[in-house]
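What follows is calculated from the coordinates using simple rules that are stated; it is not laboratory data. All of these numbers come straight from a predicted model, not from anything done at the bench. As a convention, Cβ positions derive from the backbone with ideal geometry for all residues, glycine included, and neighbour counts pool all protein chains shown.
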Amino acid sequence: MTHLLPDRVLVANRGEIARRVIATCRRLGVGSVAVHHAVDAGLPFVQEADIAHEITGDVPVKAYLDGAQLIEVAKATGATAVHPGYGFLAENADFARQVVDAGLTWIGPSPDAIRTMGDKVESRRVVAAHGVPVSGGADDALASVDEAVAEATRIGYPVIVKASGGGGGIGMAVAHDEEQLRKVFESTRSLAERSFGSDRVFVER
């Protein structure tokens, strides 16, 4: 099978992550575009790319999360593909869709796959439907602590309360009994909302 390489890739990330993508582009003979906030202008990844373009934001993270700005830079610099690295917008299905809709190549899972796998409740349902074993737990997000207690009673303690939209270990708490579960349920929902913009949680054996 022949794989067509893009002429130039915009790397929608920073630091060591961006350096690795840029190095791979160079090895493959593909051009690279580094985007950088002003505070990162002197970092190695900016110097190592074929093209460097400053992006703006009140704080650096806002610049790297500004999908519309990144797509504008890709078009302005002649990039035909976007590589998100990991973190930032790498797991943002809406950004992936915007890249594709802009006529650019998205280097990563499809927007639909990102959306499905970004929600643990939905991803558990999808893989279970395809015969993949999943650990005992709720088949849907839990709306109240009483639902959580009922589910934990059904599957048995100890249980872990997980943020459906979470990642990196954020939004998880272990409960060894009903008393602990009642204590951690609302705090986990609150942390999930603050961290991921969704308070959907479930329990798992």
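Structure notes:
- Reciprocal of mean inverse Cα separation for the range 120-204 (Kirkwood radius, Å): 12.6 Å
- Likely footprinting exposure, LEU28, LEU191, LEU142, fewest C-beta neighbours within 10 Å first: LEU28, LEU191, LEU142
- Using a cutoff of 8 angstrom between alpha carbon atoms and counting only pairs six or more residues apart, the relative contact order for the chain works out to 15 percent.
- Against the chain, whose longest principal axis is taken from its Cα atoms, helix 178-196 shows a tilt of about 20°.
- Total lysine pairs whose alpha carbons fall under 29 Å of each other in the chain (8 or more apart, or interchain): 6
- C-alpha long axis of helix 145-155 to longest principal axis of the chain, angle in °: 80 degrees
- Between helix 67-77 and the chain there is an angle of about 20 degrees, using the helix long axis and the longest principal axis of the Cα atoms.
- Binning the alpha carbon pair distances of the chain at 5 angstrom intervals from zero yields the distribution 1, 7, 14, 15, 14, 11, 10, 9, 9, 6, 3, 1, expressed in whole percent.
- Compared with the alpha-carbon gap, the fully stretched path from VAL59 to THR24 is longer by 9.7 nm at 0.36 nm per residue.
- Taking all Cα-Cα distances within the range 8-115, those exceeding 25 Å account for 10%.
- With R₀ set to 30 Å, the beta-carbon distance separating VAL100 from ILE170 gives a calculated FRET efficiency near 0.60.
- Fully extending the segment from SER187 to VAL134, taken as 0.36 nm per residue of separation minus the present Cα-Cα distance, adds 16.6 nm.
- Per-residue Cβ neighbour counts within 10 Å put ASP40, ASP112 in the sequence ASP112, ASP40, beginning with the fewest.
- Pairs of alpha carbons in the range 74-153 whose separation is greater than 14 Å (percent): 69 percent
- For the pair the range 117-185 / the range 1-63, the C-alpha centres are spaced 38 Å from each other.
- Panel order for TYR64, TYR86, by other beta carbons found within 10 Å of each beta carbon, from fewest to most: TYR86, TYR64.
- Gain in span if fully extended, LEU5 to SER144, counting 0.36 nm per residue against the direct Cα distance: 45.1 nm
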